[in-house]
Amino acid sequence: MLRIIGYLFGVGLLFGLLAIAGTLWVFWEYGRDLPDYNQLANYEPPVMTRVHAGDGRMLAEYAIQSRVFVPAEAIPRRVIEAFVAAEDKNFFHHPGIDPLGIVRAAVTNLRNIGTGRRPVGASTVTQQVAQNFLLAKELSYTRKIKEAILAFRIERAYTKDQILELYLNEIYLGRGAYGVAAASIKYFGRSLDELSVAEVAFLAALPKAPSNYDPTRRPEAARARRNYVLGRMLEDGFIDAAEAQGARITDISVSGRDPAERVEADYFAEEVRRELVTRYGESALYEGGLSVRTTLQPHLQDLADRALTDGLIAYDRRHGWRGPVAQLPGFDAWPDQLAAIVPPTRYGEWRLAAVLTVEVDQVEIGFSNRSAGVIPLSELTWARPWLAGQRLGPKVEKPADVLAAGDVVLVERVEANAEGEPYPDSTFALRQVPEVQGGIVALDPHTGRVLAMSGGFDFSMSEFNRATQALRQPGSAFKPFVYMAALDAGFTPSTLILDAPFVIDQGPGLGKWKPANYTKNFYGPSPMRLGIEKSRNLMTVRLAQTVGMESVADYAERFGVVDDLPEQLSMAIGAGETTLLRLTTAYAMMVNGGRRITPTLIDRIQNRHGLTVLRHDSRPCTACQAGPWNNQAPPSLPDSRESVVDSRTAYQMVSMLQGVVERGTGRRISAIGKPLAGKTGTTNDSFDSWFVGFSPDLAVGAYIGFDTPRSLGNGETGSSVAAPVFQQFMAGALVDQPSIPFRIPEGIRLVRVNGETGLVAKAGERHVILEAFKPGRVPQRAGPVIDGGYSVQGTANATTGGIY
């Protein structure tokens, strides 16, 4: 008996030694060239860059893999419990592999031999980490052995929480979402700590096969898998029976992020994207996990979008109908034909419709879903035929003058006519995508923060940003920089300038240059102020010749309007090209007292670790790091802005531009009823139209023109085309704001003068205005008239208050 026991012991010992030897050989053979698991300590997965508006709402996300990294300590315990129950019930107890799970999987696979079912695995969470991070995706026993060896090593090097952090941030969970945080937003539009038990269980159901459990395409499979996870959570004691039952009967409702939590500002967002790529490169943008807080104010952005599109549509309607989007070849299966046509724009609620019949007083239309509607004649009368040169054809007398059966057109549902009288249901108006384009930008004149920006009618049609990329001639909107050069040279707003014909020889073979006023009239000697208020070209040219184009070019560069402006007189009336953003920024530097600002769309950028890597406001402020607020005064910040121009000169220019709004080419703006200033701009043959202006705390510029430059049409100017955009935006932006007067710097004296002569007003005179003068510059009598050959050298006259 003892011999048998000894024999069995020896055999057992031999097999044990062979097993140990075999295990050691396996570890030696398959563990020699394994990847270094220590690299997991430096895990930095590709993380999406998130761009936020100024109020914190989402503006844009940029990513190759949609992932939001969440550290282990920030992952809710319920999420961890759900994934452990679903994927690895013994995770907190095994050393990397689960022997019981392996036996269970082996028995299951033996039972399934010959059934055609795919073998089941027994991979632990740690093994999945090894597979996802360190090994190829091949399906082989060799890989499984390597996976097990790495799992042992990972368990010795990292805590369970660290392993879960790697796993829960790396796994793919469908719909482009990597990691649990991104999946929570993709499926439910909420953060992890806001999810219900049923929602957490659904996320934990996805790792096996996300596409197989998509709740939209395979709702029953998704529900069954979710309920399986709930059962495992109940079995493992993570939830009680009541919670499990309540979650089981809950539908899987996929909602995504609430649209109200997202801001639409495509042109602004694309400009931010371009800046991020320029600063940090595409890899940092799409994989670096930057957190960007922009300057965008959503309320102002909505106003800007609406003002620009309304202005473009209004101009386009004034110049007629260019025809239908398409023509149906026949009426057989017309809904299918209509559905196959790609809409030219995604703007608003505009829809494609087919004209079915044309009647005496209306047009019957149909949609691809076979619903129907009508366009009454009153919504067609604007659609006179477009003619070359932006002219109009004959008036519309009947619907057949505009549309024919088979036309495919854009329409929009309307509820009332222009007089406010209600229409019947299913009444639509004819719409047309404008050919003309434009831009609008609004910024804080004290900081340069761009608060709103739109660069065209529809970003989906054209990503070209007319606010930042379109180089255009500003026309008369450039004139304030000529006038500021003159004010700094000693002239005053009352200086008389000759408004009369002007001819200059441009050189051999170039002919003579003969600028003219828009009205083609001449007005004789007039105060400088009238030159800007009435936008007199001849006065501006004479003034530029007097102060010197080198001085004008210096001011243009100082204010950032144009770099290296050619020193030619035509540049004085806006022949040099610039962008809307640059010109609006320059105007902002007038109203802020002549201080330099740099326009920015970004307030702050933080890297993936939360460290601030860029801040627009770089002023030091140690007091800003104070503790709780105890009624202490806000900290005082230094003003480190460079002075671009004398603050008194800047105010004089602001005052004259205020006159443009009150009495000049921008009179329509005065209807807003708030202190505003600005300048119209129209180029030769009305190719471009501008209005740039400001309130004391908001600078706004609007531009409208064709992408391929051509005339906007006879009679179209900055006052008729761009100014309404500025007016509509400012009316909305200032509607609830108090009336704040423009700030007057020290050293300015306000004097009552005659607006037509510029001289100090006498009792009983009409057309009296308040004029801003520097000390010793108030005119006592009519001075010399600037005629273009006038020299400022040696003409100061202390007795009469200086140069006129």
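Quick look at the numbers
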{"quantity": "Option label - percent of Cα pairs over 42 Å apart computed here, alternatives (i) 48; (ii) 52; (iii) 62", "calculated": "(ii)"}
{"quantity": "Alpha-carbon centroid distance for the pair region 235-313 / region 698-738, whole angstrom", "calculated": "31 Å"}
{"quantity": "Under the Karplus curve 6.51 cos²θ - 1.76 cosθ + 1.60, θ = phi - 60°, whole-Hz ³J(HN,Hα) for region 724-729, x wherever Gly or Pro sits", "calculated": "x, 5, 4, 4, 5, 5"}
{"quantity": "Listed residue pairs exceeding 28 Å between alpha carbons, taken from Lys514/Lys674; Lys514/Lys762; Lys534/Lys762; Lys520/Lys774; Lys520/Lys762; Lys186/Lys208", "calculated": "Lys514/Lys674; Lys514/Lys762; Lys520/Lys774; Lys520/Lys762"}
{"quantity": "Crossing angle, helix 549-558 versus the chain [Cα axis fit, 0-90 degrees, rounded to tens]", "calculated": "30 degrees"}
{"quantity": "Selected from Val363, Leu471, Ala307, residue furthest toward positive end of dipole (the chain; charges at beta carbon)", "calculated": "Leu471"}
{"quantity": "Phi to ³J(HN,Hα) by Karplus 6.51 cos²θ - 1.76 cosθ + 1.60 over region 255-271, Hz, x for Gly, Pro", "calculated": "10, x, 6, 4, x, 5, 8, 10, 9, 9, 7, 4, 5, 5, 4, 5, 5"}
{"quantity": "Distance in nm between pseudo-label sites at Leu392 and Glu44 (7 Å out along the Cβ direction from Cα)", "calculated": "6.3 nm"}
{"quantity": "Cα-based helix-to-principal-axis angle, 479-488 vs the chain, degrees rounded to 10", "calculated": "70 degrees"}
{"quantity": "Net length gained if the chain between Asn517 and Ala633 were fully extended (0.36 nm per residue, minus Cα distance)", "calculated": "36.4 nm"}
{"quantity": "Cα-centre dipole for the chain with unit charges at Cβ (Lys and Arg positive, Asp and Glu negative), debye to 20", "calculated": "860 debye"}
{"quantity": "Residue-wise HN-Hα coupling along region 275-287, computed from phi with Karplus coefficients 6.51, -1.76, 1.60 (Hz; x: Gly, Pro)", "calculated": "5, 5, 5, 5, 6, 10, x, 5, 4, 5, 5, 8, 10"}
{"quantity": "Sequence-distant residues sharing a close amide H with Val562 (under 5 Å, placed H)", "calculated": "Glu557"}
{"quantity": "Selection from Asn684, Ala671, Pro696, by position along the positive dipole direction of region 657-699 (Cβ)", "calculated": "Ala671"}
{"quantity": "Dipole of region 228-273 [Lys/Arg +1, Asp/Glu -1 at C-beta], most positive-end residue of Phe268, Ser255, Gln245", "calculated": "Gln245"}
{"quantity": "Size of electric dipole in region 246-381: Cβ of Lys, Arg +1 and of Asp, Glu -1, about Cα centre, debye, nearest 20", "calculated": "260 debye"}
{"quantity": "Nearest 10 degrees, 0 to 90: helix 99-111 Cα axis against the chain principal axis", "calculated": "80 degrees"}
{"quantity": "Built amide H within the under 5 Å cut-off of Tyr518, gap 5+", "calculated": "Asn537"}
{"quantity": "Prolate/oblate/rounded label for region 276-379 (Cα gyration tensor, a/c 1.5)", "calculated": "prolate"}
{"quantity": "For Asp499, distant residues with modelled amide H under 5 Å away", "calculated": "Tyr523, Gly524, Ser526"}
{"quantity": "Label zone at Arg619 (point 7 Å along Cα-to-Cβ), backbone N below 19 Å, region 280-317", "calculated": "295"}
{"quantity": "Aspartates and glutamates with Cα under 18 Å of Lys398, excluding same-chain neighbours fewer than 8 positions away", "calculated": "Glu359, Asp361, Glu364, Glu379, Asp407"}
{"quantity": "Mean ellipticity per residue at 222 nm, deg cm²/dmol - from DSSP H runs of n ≥ 4 across the chain, formula -39500 (n - 2.57)", "calculated": "-10000 deg cm²/dmol"}
{"quantity": "Theoretical gain in end-to-end length, Arg274 to Ser253 [0.36 nm per residue, Cα-Cα removed]", "calculated": "3.9 nm"}
{"quantity": "Carbon and sulfur %, accessible surface of the chain computed with the full protein complex present, 1.4 Å", "calculated": "53 percent"}
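The values are calculated or read from the model by the stated rules, or taken from the named source; none is laboratory data. Just so it is clear, the model here is predicted, and its values are computed rather than measured. Backbone-built Cβ (ideal geometry, glycine too); neighbour counts: all protein chains shown. Just the protein is used for accessible areas: all its heavy atoms, side chains included, with ligands, DNA and RNA removed. Shrake-Rupley method; radii C 1.70, N 1.55, O 1.52, S 1.80 Å.
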